[in-house]
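Below is one structure; the comments refer to it alone.
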Amino acid sequence: MTKNYPSKLLELLQYGLIDEAQELLSQGTDINAGILGFRPIYAAIHSDDPNVLQFVVDNGADVNIDEGTPLLEILDYCIDGMIQAERIEPYPEALRMLQILLDNGADPFLKNVEGHRPIDVLTEYAASKERTLSRLINLFESYIPNLRDLLS
């Protein structure tokens, strides 16, 4: 009988316990299942470990699930990390996770039901400060081509 332990999988991924997570996946736990909207790919992002994110992607996590929320999450994570630690650029691990998502097909232009795209989080953080938006675009345009044009 196949067992399904989505809550345990979320916990293991958030703590970076890949071997134990692999065991649950081999028992049939769904890599895209979530609890109250929190999915394994989000737990991997919040683990702070790009290897955990790569693990869930390699095991079939949908990088565009929930209308592109994983990409929105990592962009938010990059920016929030800069704000919280008073950094001038995102942590390298966060940028590596951004690259993992993009390399595996995350769509920065995917729109949710309200018409918002993952990249729109940049304008939300900038909130009418043109200089801040320009700085954020400069940080992320090497990852997302034509970002400046898309946000104008």
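The values are calculated or read from the model by the stated rules, or taken from the named source; none is laboratory data. All values derive from a computational prediction rather than experimental measurement. Here the Cβ positions follow ideal geometry from the backbone for every residue, glycine too, while neighbour counts run over all protein chains shown.
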Only one of (1) without any contact (Cβ under 8 Å) to a residue 60 or more places away in the chain; (2) surrounded by 19 or more Cβ atoms within 10 Å (Cβ to Cβ); (3) under 27 Å from GLU141 (Cα atoms); (4) within 12 Å of the chain's Cα centre (by Cα) does not apply to ARG39, and that is (3)
Output for segment 17-50, where each listed residue is of a type in the set (Ser, Thr, Tyr), in a helix (DSSP H, G or I) and farther than 19 Å from ILE100 by Cα: SER26
Quick test for you: out of LEU133, LEU151, pick the one residue that is over 24 Å from LEU53 (Cα atoms), of a type in the set (A, V, I, L, M), without any contact (Cβ under 8 Å) to a residue 24 or more places away in the chain and surrounded by 14 or more Cβ atoms within 10 Å (Cβ to Cβ). LEU133
Listed residues LEU53, LEU98, LEU71; which is modelled with pLDDT of 95 or more, within 12 Å of the chain's Cα centre (by Cα), farther than 21 Å from LEU150 by Cβ and not in a loop (DSSP other than H, G, I, E, B)? LEU53
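Matching residues to (1) surrounded by fewer than 16 Cβ atoms within 10 Å (Cβ to Cβ); (2) within 29 Å of ASP19 (Cα to Cα); (3) among the acidic types (Asp, Glu):
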{"site": "GLU73", "(1), (2), (3)": "no, yes, yes"}
{"site": "ILE79", "(1), (2), (3)": "no, no, no"}
{"site": "GLN84", "(1), (2), (3)": "yes, no, no"}
{"site": "PRO90", "(1), (2), (3)": "no, yes, no"}
{"site": "LEU98", "(1), (2), (3)": "no, yes, no"}
When the residues of segment 101-128 are filtered to those that are free of Cβ contacts under 8 Å to residues at least 40 places away in the same chain and aliphatic (A, V, I, L, M), which remaining residue is surrounded by the most Cβ atoms within 10 Å (Cβ to Cβ)? ALA126
